[in-house]
Amino acid sequence: MSNYKEIVTKAVIGKGKKSFTSTKEQVVENKPTTILGCWVINHNFKGNRVGDSIVINGSYDVNIWYSYDNDTKTEVYKDTNTYQETVKVRKREDIENENEEIIIRSLKQPTCSKVDIKDNKVIYTIEKELGIELVGDAKVKIAVDEDEEPWDEIVEDEDIDKKIDEEVEENYIDEETI
């Protein structure tokens with residue numbers, strides 16, 4: 001028969017991922033003729049627990065390069081988008097943690113999946129995927145072999161210290177050879 005020991009450690013107690021899609025319509029200064037490119041940069045985010053859900057607040061910058069005046073001139077439209085996403089993360093029910101840590105990762109950086117021109121407007125769609133982990137204390141039980149030898153008790157030995165002091169030769173280094 002085995003005995004058990006409990007170990008308390010940090011572990012992932014909840015995990016999930018979710019994809020998000022958002023579409024935005026913006027009026028630009030010059031009537032666009034052609035979209036030449038779209039970049040999404042400077043993605044920042046942070047999450048907090050609110051009840052049973054994780055609320056993620058973030059932002060990113062969108063740069064849309066377009067031509068106008070019958071493709072004779074170009075310009076870059078810059079826009080900073082902020083977002084607030086709410087995600088419900090399932091966690092193990094038998095673990096109660098008050099001091100859990102929330103780790104959020106961008107599994108797919110925000111990217112522009114579609115850009116259209118309609119009159120004087122640029123309509124663009126951004127896709128992103130976020131992964132969330134809840135880390136907290138968890139107890140793990142492990143089996144311990146009963147046949148394991150007990151620890152040896154360490155006893156201080158004063159005789160060893162005396163013996164070392166007696167064996168030290170004070171005139172070991174000859175001063176004439178220095």
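The values are calculated or read from the model by the stated rules, or taken from the named source; none is laboratory data. What you are looking at is a predicted structure, and each value in this text was computed from that prediction instead of being measured. Counting neighbours? That spans all protein chains shown, and the Cβs are built from the backbone with ideal geometry, glycine included.
Right, I56: over 18 Å from the mean Cα position of the chain (by Cα) and aliphatic (A, V, I, L, M) or not? Talk me through it step by step, then tell me what you get.
On the way: over 18 Å from the mean Cα position of the chain (by Cα): no; aliphatic (A, V, I, L, M): yes.
Against the criterion (over 18 Å from the mean Cα position of the chain (by Cα) and aliphatic (A, V, I, L, M)), I56 does not qualify.
Identify, please: which residue in segment 148-166 is part of a loop (DSSP other than H, G, I, E, B) and more than 43 Å from the chain's Cα centre (by Cα) and is, among those, farthest from A11 (Cα to Cα)?
Going through segment 148-166, the residues part of a loop (DSSP other than H, G, I, E, B) turn out to be 148-157.
Okay, now just the ones that are also more than 43 Å from the chain's Cα centre (by Cα), so 152-157.
Working: D152: 33, E153: 34, I154: 35, V155: 39, E156: 40, D157: 44 Å.
It comes out as D157.
In this structure, does K141 turn out to be surrounded by 13 or more Cβ atoms within 10 Å (Cβ to Cβ), basic (K, R), modelled with pLDDT under 95 and over 13 Å from H43 (Cβ atoms)?
Details: surrounded by 13 or more Cβ atoms within 10 Å (Cβ to Cβ): no; basic (K, R): yes; modelled with pLDDT under 95: yes; over 13 Å from H43 (Cβ atoms): yes.
No; evaluated as a whole, the condition is false for this residue.
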